[in-house]
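*Asks:* Can you keep this structure in mind? I'll have questions shortly.
Taken together, the values in this text are just the output of simple stated rules run on the coordinates, not laboratory data. All figures in this text were calculated on a predicted structure; none of them were measured in a lab. Note that each Cβ is placed from the backbone with ideal geometry, even for glycine, and that neighbours are counted across all protein chains shown.
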Amino acid sequence: MKRKLIILTDPGQDQAAAILMILGAPEEFDVIGLVATAGNIGLDHTIRNCLKLLELAERTDIPVYSGCPRPILRDLVMAEHVHGPTGLDGPDLPEPVTKPAAEHGVEFLIRTLRESPTGQITICSLSPLTNLAMALVQAPDIAPRIKEIVAMAGAYFEVGNITPTAEFNVYVDPEAADIVFRSGIPLTLLPLDVTHQMLTTPDRLSAMRGIQNRCGVAVAEMLEFSQEFDLEKYGWDGAPLHGPCVPAFLLRPELFEGRLASVVVETGSPLTMGMTVADWWNITDRPKNAFYVRDGDPEAYYRLLQECLVRLP
């Protein structure tokens, strides 16, 4: 049976790769909708980027919902320095013809989860968790209806990428992450600890171009643009490719290793705001609320991404 997905996103080149990876596995995933949020770039751009990607993949049957334009309590922190002024710089994608759905993203989440059988829908989170947190606050009855949340979020051993102690998706809206992490919903986290192992080497980018379809070339162009910041920052042979870890885990969980652990979000300290504190060594008696992924197989990861991209237009 296909896994029904709602995708939370603020694309972002790596998230574009993740969305296209999902669309390249139509026998595995039934995408009910994309909920755009402010994050990597402002909401207007993230909505437009979602629509562009669906048009690129010829999947305009999937609706895009406009979510929250800012975090719950904080001013929006963006990542234009990585992703460019559109949030999706690199390829020259045309302006979208399709329009977002009229319904607000939070209302869509609440309505869809209430109307669906319990345990049927997986939340695939590539972005800050603002919209899901707002839905859980407004309608706590939806929590037990969600099958699972699989999220690119957090860091512990790799610590932070937007501050010395925080990963970007959690840092943008730590209160939202805190609400979701404490919701009791089955939660899998793909943190920097694993995404930093998945590097976009020249050979891997060349292989994407070598597919010679427009989606493969577009992903290569996106990642060639966004990697420049990380190559200079880290001095590695390639840049981390974060977002596709989520669909890769959903498709092939055996490619990853982790353990059930307590993971809590810091919301009070200016120094460590947004830090995800993973009790990896089981030091406390806090409830184990997340399957925390620490390691993965980069070669198999990129082969899987390639297999999905080759099936797209």
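*Asks:* What percent of all Cα-Cα pairs in the chain falls in each 10 Å bin, counting up from 0?
*Replies:* 6, 30, 39, 21, 3, 0
*Asks:* Would you compute, for the Cα atoms of the stretch 1-132, the largest minus smallest coordinate along each principal axis and list the three values in descending order, in whole Å?
*Replies:* 41, 35, 23
*Asks:* Continuing with the same structure: Using 0.36 nm per residue of separation minus the Cα-Cα distance, give me the extension gain between Thr60 and Val159 in nm, one decimal.
*Replies:* That pair, Thr60 and Val159, stretches by 31.9 nm at full extension.
*Asks:* Could I ask something else about it? Hey, which lysines would be in cross-link range of Lys4, C-alpha to C-alpha under 19 Å, not counting anything within fewer than 8 residues on its own chain?
*Replies:* Here the lysines satisfying the reach criterion relative to Lys4 are Lys147.
*Asks:* In addition: Can you tell which of Val265, Pro287, Leu241 lies farthest toward the positive end of the dipole of the chain, using +1 and -1 charges on the Cβ of basic and acidic side chains (Lys, Arg; Asp, Glu)?
*Replies:* Pro287
*Asks:* Using only DSSP helix segments of four residues or longer, with each worth -39500 (n - 2.57), what per-residue ellipticity at 222 nm results for the chain after dividing by its residue count and rounding to 500?
*Replies:* Theoretical 222 nm ellipticity from helices: -10500 deg cm²/dmol.
*Asks:* Another question, then. Stretched out fully, how many nm does the piece from Glu80 to Glu299 gain, at 0.36 nm a residue minus the Cα gap? Before the final figure, lay out each step's value.
*Replies:* Numbers: separation 219, 0.36 × 219 = 78.84 nm, distance 2.93 nm.
Full extension from Glu80 to Glu299 adds 75.9 nm.
*Asks:* Now for a different question. Can you pull the one-decimal nm distance between simple spin-label points at Asp237 and Asp44, each 7 Å off the Cα toward Cβ?
*Replies:* 4.3 nm
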